[in-house]
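This report refers to the structure that appears directly beneath it.
A short reminder: the numbers here are calculations on the coordinates, not readings from a lab. Everything numeric here is computed off the predicted structure, so don't read it as measured data. Heads up, the Cβs are rebuilt from the backbone with ideal geometry, glycines too, and the neighbour counts pull from every protein chain shown.
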Amino acid sequence: MEMRLTFTCVGEIMVEHIQRLRQLPKPNSTVVFDQNRSTLGGAAINVAWYLSRLGANARLIAPLGSCDTPLLRRLVRGENIDFSGIIITPGCSDRLFTALTRHQHLSVYALAMQPKTLGDELVERCKSASVLLLNGSRHEALRQANTALATRPTNSRWLFFNPSYAVFAYTRTELRKIITAAHVTILNRSEFGYVRSLLGAKEIAKLSLARGRVIVVTKGPDGAEILAGEKWKPARSRISRIGVFLGAGDAFVAGFAYQFVRGNEPDEALHYGLATAAAVVRSRSIRARLTEAAVRRWM
Ligand SMILES: Nc1ncnc2c1ncn2[C@@H]1O[C@H](COP(=O)(O)OP(=O)(O)OP(=O)(O)O)[C@@H](O)[C@H]1O
Ligand SMILES: [Mg+2]
């Protein structure tokens, strides 16, 4: 019988205000956001969402501002994610305001105040996780917690690193520590450009060859590339669509991690990640209510 591992996703939660517009706002103009359509989001939620949609046990460990708990109840409804590890903090969570057109987006991210003890509490709650996915973070305390979790003596059986756009907030030392420890690091093209500028292409190649680490770079409509061993290997996207598809990257992470942990080769995990992303691109939704059967149709 297959043992069902729990996938622990750690990171920040934000309240997403996404306004679809025909064109990006002009300078000296104001965009009015309708807060009634706001939802909770962020890479940690998205990855947990897609893992659970694929049939995995998914657990979310993240801070949530007490004023945003009604939004959590709305998100939880009908979803099979374990939210019991959420840490309720005073006040509100981070805010993301995104003006989204078909081809571009312009975003403002507002950081919430976090209690001083947050980092330690996150480490405590994640320390026995057997599959740990480190997401984000734009908060220094969370980046430090991610570094502590990656370098702690009792390692997780599986460690994934999905810093997303918050990668630009990490120092070279933090990135080196986490990427060296993580079995798999997943970045998009611009995030990878930043990591390569800090660590150098040779160091990255060494991590893969000498330590067996896997690096994946997603490239939007151009699919993805994987470094698992000696050479980078490209793979095409399973779908061809013009536009920006928020959430496809996190869906890719979930699909890849789900298959990788089940003992599949990096190439097979890559194809499953691409299939999950394609299903999400097709749905045009950040958190699509997809099923494993829907993903399989893209294989
Ligand atoms: N326009 C597109 N057409 C086809 N496939 C796409 C497109 N955009 C994304 N994808 C698929 O989704 C995967 C992840 O996309 P991308 O590289 O844009 O991630 P990302 O920038 O991390 O996205 P996000 O963080 O918003 O979820 C790609 O590898 C590809 O398979
Ligand atoms: Mg991403």
Fill in the blank from the handout: Restricting to Cα pairs under 8 Å and 6 or more apart, the percent relative contact order of the stretch 168-218 works out to 51
Problem - Among Gly200, Gly255, Gly220, residue whose mean-square fluctuation peaks in a GNM of the chain (springs only between Cα atoms under 10 Å) - result: Gly200
Practice task
Would you work out if the stretch 6-296 is rounded, prolate or oblate? Take a ≥ b ≥ c from the square roots of the eigenvalues of the alpha-carbon gyration tensor; rounded if a/c is under 1.5, else prolate when a/b is larger than b/c, oblate otherwise.
Solution key: rounded
Problem - Of Leu122, Leu142, Leu111, the one that fluctuates the most in a GNM where the chain has Cα springs shorter than 10 Å - result: Leu111
Problem - Ratio Rg/Rh, restricted to the stretch 28-154 and using Cα atoms, in which Rh is the Kirkwood radius - result: 0.98
Exercise for the section: Compute the relative contact order of the chain as a whole-number percentage, counting only Cα pairs closer than 8 Å that sit 6 or more residues apart in sequence. Expected result: 16
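For each pair in Lys202/Lys233; Lys127/Lys219; Lys127/Lys231; Lys202/Lys231; Lys177/Lys206, compute the distance between the two Cα atoms and list the pairs where it is over 24 Å.
Values: Lys202/Lys233 17 Å; Lys127/Lys219 32 Å; Lys127/Lys231 33 Å; Lys202/Lys231 12 Å; Lys177/Lys206 14 Å.
In this structure, Lys127/Lys219; Lys127/Lys231 exceed 24 Å between Cα atoms.
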Practice task
Evaluate E = 1/(1 + (r/R0)^6) for Arg236 and Arg4, where r is the Cβ-Cβ distance and R0 equals 30 Å; express this FRET efficiency to the nearest 0.05.
Solution key: 0.40
Exercise for the section: Report, for the chain, the % of DSSP beta bridges that are antiparallel, rounded to 5. Expected result: 35
Handout entry: From the C-alpha gyration tensor of the stretch 189-254, square roots of 5λ in Å
Key = 24, 13, 10
